[in-house]
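Can you read through this structure? Questions will come right after.
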Amino acid sequence: MKLIFLGAPGAGKGTQAEKVSEYLNIPTISTGNIIREALKNGTEMGKKAKSYMDAGALVPDDVVIGIIQERLTQPDCENGFILDGFPRTIPQAEALDRMGIHIDRIIDIEVPDDTIAQRVSGRRVCAACGSSYHLDYKKPQVEGVCDRCQGALVQRKDDQPETVKERLAVYHEQTEPLKDYYAKSGKLVIVEGQERVEDTTALTIAAVKE
Ligand code: ADP
Ligand code: ZN
């Protein structure tokens, strides 16, 4: 199964993608994580992406399209995958179409902007492995420590309030038009984000099973 998870930054698509990835036993491909990894490793691409990311802007299309093109040729993608955070613009969606990739379903997780702003401020990520946590909704077993690798949990620079505002504006302007783009294919399923993460997960799993 080949899936795209759409949604505003902080809508919880990454968390849901991870659950569905376990459920279907297919990898999640997060462009955000790949870019952060490149940044940590000090690659050219990482350096180029950093200024955009820190400002809450999108990284240029050619960069992320290149990342995805390369990633999708890895053998673990053969039986399907979840794209988390790609495409984020119409040109990216068109590039994916041109790659001849047949997507089975597009899941759009919808959450109001004010809820997002509040949620994102509580988000923490592992500095070592990138796992995502939340101060209220997804607490680690030990405060400030990653369950998976014992790494330190930190707040992303782009999760600070001013940057979040900018990211939401960018989302509405550049990513939201993808809903219409995919609605035309008849494969778009809208999932209303719920108060409790596990309730959203139940709806998301139902949406991929449909
Ligand atoms: P979130 O889903 O919370 O917005 P991500 O980790 O997916 O966070 O993305 C973080 C940042 O990485 C984005 O704000 C953007 O700068 C960059 N990025 C990730 N995916 C893309 C993409 N498909 N196109 C352009 N920039 C991207
Ligand atoms: Zn970790």
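Around residue 135, with a cut-off of 14 angstrom between Cβ atoms, what is the net charge of the other residues, counting Lys and Arg +1 and Asp and Glu -1?
Numbers: positive: 119, 123, 124, 138, 139, 156; negative: 136, 143, 159.
Every neighbour counted, the sum reads +3.
Over the stretch 92-210, what is the percentage of antiparallel beta bridges among all DSSP beta bridges, to the nearest 5?
For the stretch 92-210, the DSSP antiparallel bridge percentage is about 60.
In whole Å, what is the distance between the alpha-carbon centres of the stretch 62-91 and the stretch 157-210?
Comparing the Cα centres of the stretch 62-91 and the stretch 157-210, I get a distance of 18 Å.
Looking at the chain, send over the antiparallel percent of its DSSP beta bridges, to the nearest 5. Provide the component values of the computation, followed by the final result.
Details: 7 of 24 bridges.
Taking every DSSP beta bridge within the chain, about 30 percent pair in antiparallel fashion.
Please compute the contact order of the chain in relative form: average sequence separation of alpha-carbon pairs under 8 Å and at least six residues apart, divided by the residue count, as a percent.
Across the chain, relative contact order equals 30 percent.
Something else about it: Name the shape class, rounded, prolate or oblate, that the alpha-carbon gyration tensor gives for the stretch 127-205, where a ≥ b ≥ c are the square roots of its eigenvalues, rounded holds for a/c under 1.5, and otherwise prolate holds if a/b is larger than b/c and oblate otherwise.
Verdict is oblate for the stretch 127-205.
Using helices alone, what [θ] at 222 nm do you get for the chain, with -39,500 (n - 2.57) per DSSP H run of 4 or more residues, divided over all residues and rounded to the nearest 500?
It lands at -13000 deg cm²/dmol.
Follow-up. Compute the signed sum of charges (Lys and Arg +1, Asp and Glu -1) over the other residues within less than 15 Å, Cβ to Cβ, of residue 8. Kindly include the intermediate steps, with their values, before the conclusion.
On the way: positive: 13, 88, 119, 123, 165, 167, 179; negative: 84, 108, 110, 113, 114, 158, 159, 166, 173, 176, 192.
Charge balance near residue 8 sits at -4.
Is the C-alpha gyration tensor of the stretch 69-170 telling us rounded, prolate or oblate? Criteria: a/c under 1.5 is rounded; beyond that, a/b larger than b/c is prolate, otherwise oblate.
On the way: a/c = 2.40, a/b = 1.44, b/c = 1.67.
Oblate shape, in that a/c is at least 1.5 and b/c is the bigger or equal ratio.
Can you classify the chain as rounded, prolate or oblate using the Cα gyration tensor, where a ≥ b ≥ c are the square roots of its eigenvalues, rounded means a/c under 1.5, and otherwise it's prolate if a/b beats b/c and oblate if not?
The shape class here is rounded.
Moving to a separate point now. Among 104, 54, rank each residue by its count of other Cβ atoms within 10 Å, from fewest to most, as a rough exposure measure.
104, 54
Bear in mind that the values in this text are calculations on the coordinates, not laboratory data. Note that the structure is predicted; figures quoted are calculated from it, not measured. Neighbour counts are summed over all protein chains in view; Cβ atoms, including those assigned to glycine, are modelled from backbone coordinates with ideal geometry.
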